[in-house]
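J.: Once you've had a glance at the structure underneath, I'll fire off some questions.
The values are calculated or read from the model by the stated rules, or taken from the named source; none is laboratory data. Since this is a predicted model, take the numbers as computed values, not measurements. Counting neighbours? That spans all protein chains shown, and the Cβs are built from the backbone with ideal geometry, glycine included.
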Amino acid sequence: MEGEIVVKTKRVEQGTLLILLVIALIFPLLSERYMLSVGISILIMALLGQSWNIMSGYAGQFSFGHAAFFGLGAYTSSILYIDFNISPWVGMIAGMCVAALVGVLIGFLSFRYKLRGDFFALVTLAFAEILRVLFNNTKALKGATGILIPYKDAWKEFQFANDRIFYFIILGMVILATLFIGVMSRRKFGIFLIAIKENQEAAGSLGVPVLQYKLVAMAISAAIAAMAGTFYAQYYGFIDPTVVFVSSISVEAIVPCIIGGAGTLGGPLLGALVIIPLQELSNNLFEGINGMNMIIYGVLIVLFVVFCRDGIYGTVIRRLKGARS
Amino acid sequence: MRKHRKPIFIVAALLLLSMLLSGCGGQDDTGTIKIGSVHPLTGSMAYEGQAMVNAQMIAIDKINAEGGINGRMLELVVRDSLGTSSGAANAALKLTNSGVVALTGTYTSSSAQVVSRTAEKTKIPLVITVASSDNLLSNGYRYTFRIQPSVSVFSKNFLEYMEYFITPDMKTVAFIYENSNYGTGIADYISSHIEEAGLEVVGMLAYPATTSTLSSEVTRLAALDPDLLVPIGYYSDQTLLMKEILERGIHFNKIVGCANGAFSDAKFLRTYGTEVDGIYDINYRYNPNSEEAQYMLDTYREVYGEDIPVHAIYGYESIMVIADALKRCDNPDDPEAVRDAIATSEITEHVLPQGVIKFDETGENINSAGVLVEIREGKHVIVYPEEYADHEE
């Protein structure tokens, strides 16, 4: 009985991901610049969502400050590129390392003082704000002026005239992140994380090295967010502290997980695939009525939080399990 | 088993369909000529963005009433930038998709950077309405043009116009400015050059534009008591600053704003009346000698029931610049031809307080300039340069 449900859930999961992958692969062939740009927005949100998913969805450490890691990624690669002429590809790796280190630092300080739940979330929020103020007021980090990435069409520069290449790069990043989480969640690592989320004390008493696992989850999560940050800087060509370190970026990491389903593999992907098109669609349909997209966005989040707490994906899985029991 | 998979299938199919539908855009070569407008219409800058679009509409209506572009009507296609980079990029691409031959925008510098890159990639010209960051045109982009004075032009204007308001007994200067690109940019530029004029910088006070109080900043300013105070910021924060100063009854020898969002605004005068007499500001303005400017002012007041905010004047002029180019080019449906026509603009009849509108090879309006405005008896009066000065009736 139990085994059958697990198999079924697994199939649904695989089926969904496969469909999403097929859509994602066919999509750029059918679309021109505008649609590609929308597609890229979806994928950036999906990547941020997956990053948040590891730390908050699986390990249960709620973050309100993913903009910190996103911004660090964007800034590290951009500063290395502009001031030291280091290729953004290398800069991206460097940014991921910086973000992971900062993530571990934030985690260590918080967990060392036994911060949890809402308090931990507030600390992450504070760190993102501190970074924003720091970058805004430090001349060496370009201050409020921000960084302009010059536009040159070359692989080495991580710049392309053809947006399809950008699309496939961000798609590749999302696939990598998703595969990584997929593999991770089936191994000891993922199971330990879920155990920590469910009951930290119980997990600890059974020998799960709680602190160590939480820190590793944070590092991975931060590194993925940083990767999204570098991509963002290269694709849009301009960053400043009010663009990358703001709370709206942190929210962009959380919302796809709420809509799609936190702690599930396909949740953030589905979430992003719902939110951005909905936003664009309402913008297109209600031309002239400004703010309609925001109203729809707000109503949607309220509806999901009230009626569909597990998100689209989570609800389907639960129904599946519930149907049998 | 099949039953359970259905919802996901349906969701996926619907989404795909909706996305494909949203991408459909019409293109017609014989009807109207479309100009795109990307401005923030929601969020904290919605008021400014909407004013910009309003002023653009007045320009569009004027041109259409005069017979359009060789008989063809102009149409403004407006899209909300949401005030974000990704929002602005998507908006600009959506507009290029619906067949616009030129783009205008964007009010904030970060969005302008993104849209100018989009313009470059799609080879559709962009005329920046308002975005003052200095490095905007430093990319070597071919398709981006800017009419408004940049941060460094405003700063240079300030240093140039200083001879009007400076007196020999002034020794010290302090700056209070919002800490983003625009406030910091102007404050840094002026403060690093003002010592040549014999003034000593005694204070540089930065604050975030979203602040809800400037009380401690004002206390510090009062203690510094500079001979010249230079405030730079947006409408709401600078109004807050003046409120604090007036309520505490602190007197500063001379207050001269630079591109100040409040000082040159009509609403500001309605709030404070003659209480703020004697304040100067170097800012955008219309040319008081231009008949067209008078038309713009009157029409805006008539249609929207309020005075045109000064930044929106550049929205109006952006449409005029594009219309002028469209009239001159052989094929107004070809963005490349429109781009070339804009690049060779030489507009003598316009609403701005400057000479000919003409772009250099980077796309910068070579004669762009602000003017020095003084608040006298609760009214804005242009006092410098002489050729644009309001002459009292």
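J.: How do the helices (runs of 4 or more DSSP H) wholly within the stretch A:207-295 filter down when requiring 1 or more residues that are of a type in the set (D, E) and either modelled with pLDDT of 90 or more or more than 15 Å from A:S63 (Cα to Cα) (or both): which remain? Reasoning before the result, please.
T.: Numbers: elements: A:210-236, A:241-244, A:247-260, A:267-285.
Filter on the stretch A:207-295 gives A:247-260, A:267-285.
J.: Here's something else I'd like to know. I'm told B:L221 meets every condition in (1) under 20 Å from the mean Cα position of the chain (by Cα); (2) within 14 Å of B:I245 (Cα to Cα) except one. Can you identify the failing condition by its number?
T.: (1)
Here is a yes/no grid of residues against (1) in contact with a helix residue (DSSP H, G or I) (Cβ under 7 Å, 6 or more places away or on another chain); (2) touching a residue at least 40 places away in the same chain (Cβ under 8 Å):
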residue: B:N331; (1), (2): yes, no
residue: B:T344; (1), (2): no, no
residue: B:V351; (1), (2): yes, yes
residue: B:D360; (1), (2): no, no
residue: B:G363; (1), (2): yes, yes
residue: B:N367; (1), (2): no, no
residue: B:G378; (1), (2): yes, yes
residue: B:V383; (1), (2): yes, yes
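J.: How many of the residues in the stretch B:53-95 are assigned to a helix (DSSP H, G or I) and small (G, A, S)? Quick ask: steps written out before the conclusion?
T.: Keep residues of the stretch B:53-95 that are assigned to a helix (DSSP H, G or I), which gives B:53-65, B:85-95.
Next cut, small (G, A, S) only: B:55, B:59, B:65, B:85-89, B:91-92.
Counting residues in the stretch B:53-95 that are assigned to a helix (DSSP H, G or I) and small (G, A, S) gives 10.
Conditions (1) assigned to a loop (DSSP other than H, G, I, E, B); (2) out of contact with any strand residue (DSSP E or B) (no Cβ under 7 Å at 6 or more places or on another chain); (3) crowded, with 18+ Cβ neighbours inside 10 Å; (4) more than 14 Å from every other protein chain (Cβ to nearest Cβ), marked per residue:
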position	(1), (2), (3), (4)
A:V6	no, yes, no, no
A:V12	no, yes, yes, no
A:Q50	no, yes, yes, yes
A:F62	yes, yes, yes, yes
A:G71	no, yes, yes, no
A:A74	no, no, yes, no
A:G91	no, yes, yes, yes
A:G103	no, yes, yes, yes
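J.: So B:Y280 passes all but one of these: (1) farther than 20 Å from B:I375 by Cβ; (2) among the aromatic types (F, W, Y); (3) in contact with a strand residue (DSSP E or B) (Cβ under 8 Å, 6 or more places away or on another chain). Which condition number does it fail?
T.: Going through the list (1) farther than 20 Å from B:I375 by Cβ; (2) among the aromatic types (F, W, Y); (3) in contact with a strand residue (DSSP E or B) (Cβ under 8 Å, 6 or more places away or on another chain), B:Y280 breaks only (1).
J.: While we're here: On the basis of being within 12 Å of chain B (Cβ to nearest Cβ) and under 18 Å from the mean Cα position of the chain (by Cα), does A:I295 make the cut? Break it down into steps so the answer makes sense when it comes.
T.: Values: within 12 Å of chain B (Cβ to nearest Cβ): yes; under 18 Å from the mean Cα position of the chain (by Cα): no.
So A:I295 does not fit the description; no.
J.: One residue is enough: does the stretch A:112-128 have a residue meeting the conditions more than 13 Å from chain B (Cβ to nearest Cβ), among the β-branched types (V, I, T) and more than 23 Å from A:S248 (Cβ to Cβ)?
T.: To start, the set of residues in the stretch A:112-128 that are more than 13 Å from chain B (Cβ to nearest Cβ) comprises A:112-128.
Next, only the ones that are among the β-branched types (V, I, T) stay: A:123-124.
Next, only the ones that are more than 23 Å from A:S248 (Cβ to Cβ) stay: none.
Looking for residues that are more than 13 Å from chain B (Cβ to nearest Cβ), among the β-branched types (V, I, T) and more than 23 Å from A:S248 (Cβ to Cβ), one finds none in the stretch A:112-128, hence no.
J.: Any chance the stretch B:173-193 includes a residue that's more than 29 Å from B:M45 (Cα to Cα) and at pLDDT 95 or above? Talk me through it step by step, then tell me what you get.
T.: At the first step, the residues of the stretch B:173-193 found to be more than 29 Å from B:M45 (Cα to Cα) are B:173, B:192-193.
Subset that is at pLDDT 95 or above: B:173.
Yes, the conditions are met somewhere in the stretch B:173-193.
J.: Could you list, in sequence order, the residues of the stretch A:126-176 that are of a type in the set (K, R), assigned to a helix (DSSP H, G or I) and surrounded by fewer than 19 Cβ atoms within 10 Å (Cβ to Cβ)?
T.: The initial filter retains those residues of the stretch A:126-176 that are of a type in the set (K, R), namely A:132, A:139, A:142, A:152, A:156, A:164.
Still in the running and assigned to a helix (DSSP H, G or I): A:132, A:139, A:164.
Across the stretch A:126-176, the qualifying residues are A:K139, A:R164.
Here is a yes/no grid of residues against (1) over 21 Å from the mean Cα position of the chain (by Cα); (2) surrounded by fewer than 17 Cβ atoms within 10 Å (Cβ to Cβ):
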{"site": "B:E291", "(1), (2)": "yes, yes"}
{"site": "B:C329", "(1), (2)": "yes, no"}
{"site": "B:P332", "(1), (2)": "yes, no"}
{"site": "B:H350", "(1), (2)": "no, no"}
{"site": "B:E364", "(1), (2)": "no, no"}
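J.: I need a count of the residues in the stretch B:107-141 that are part of a loop (DSSP other than H, G, I, E, B) and out of contact with any Lys or Arg (no Cβ under 7 Å at 6 or more places or on another chain). Outline the logic, then answer.
T.: At the first step, the residues of the stretch B:107-141 found to be part of a loop (DSSP other than H, G, I, E, B) are B:107-108, B:123-125, B:129-133, B:138-141.
Applying the additional criterion that residues be out of contact with any Lys or Arg (no Cβ under 7 Å at 6 or more places or on another chain) yields B:107-108, B:123-124, B:129-133, B:138-141.
Selection size over the stretch B:107-141: 13.
J.: With the condition kept exactly as written, say whether any residue in the stretch A:94-101 is in a loop (DSSP other than H, G, I, E, B), surrounded by fewer than 24 Cβ atoms within 10 Å (Cβ to Cβ) and over 17 Å from the mean Cα position of the chain (by Cα). Give the steps one after another, and end with the answer.
T.: Going residue by residue through the stretch A:94-101, those that are in a loop (DSSP other than H, G, I, E, B) are none.
No.
J.: Residues in the stretch B:99-116 that are away from chain A (no Cβ under 12 Å) and among the polar types (S, T, N, Q): how many?
T.: Count: 1.
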